[in-house]
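Each value in this text was obtained by applying a stated rule to the coordinates, not by laboratory testing. All of these numbers come straight from a predicted model, not from anything done at the bench. A quick note on method: Cβ atoms are made from the backbone with ideal geometry, for glycine too, and the neighbour counts reach across all protein chains shown.
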Amino acid sequence: MTSILNFDEAVELLKKIVKFSEVKNQKHIDLSLCLAEDRAQFQKALMIVNLEVEKGSLKREELLTKLGIE
């Protein structure tokens, strides 16, 4: 898998591992859905998107919407 270059690419990558939770109508990111050799890349993507929230560039709710979780 290639290196993540920007926020939008990180979001697109993480969308691939969003799944429904056991709680009805709730979704979450599930790292167990990615291949072991790709896991580090998905973890980097999580760091990239969470950093934007921490910096205040993006609200948590906006991130969840972009990821398709809310």
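Overview of values
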item	result
From phi via Karplus (6.51, -1.76, 1.60), per-residue ³J(HN,Hα) for the range 33-42 in Hz, x at Gly/Pro	7, 9, 5, 4, 6, 9, 4, 4, 5, 5
Amide H contacts of Cys34 (H built 1.01 Å from N, under 5 Å, at least 5 apart or other chain)	none
In Hz, Karplus ³J(HN,Hα) per residue of the range 59-68 (6.51, -1.76, 1.60; θ = phi - 60°; x = Gly, Pro)	7, 4, 5, 5, 5, 4, 5, 4, 7, x
Packing-based order for 56-68, 23-35, using average beta carbon neighbours within 10 Å, highest first	56-68, 23-35
222 nm mean residue ellipticity, helices alone, for the chain (DSSP H n ≥ 4; -39,500 (n - 2.57); rounded to 500)	-15000 deg cm²/dmol
Among (1) 38; (2) 26; (3) 52, the entry derived from the coordinates for percent of Cα pairs over 20 Å apart	(2)
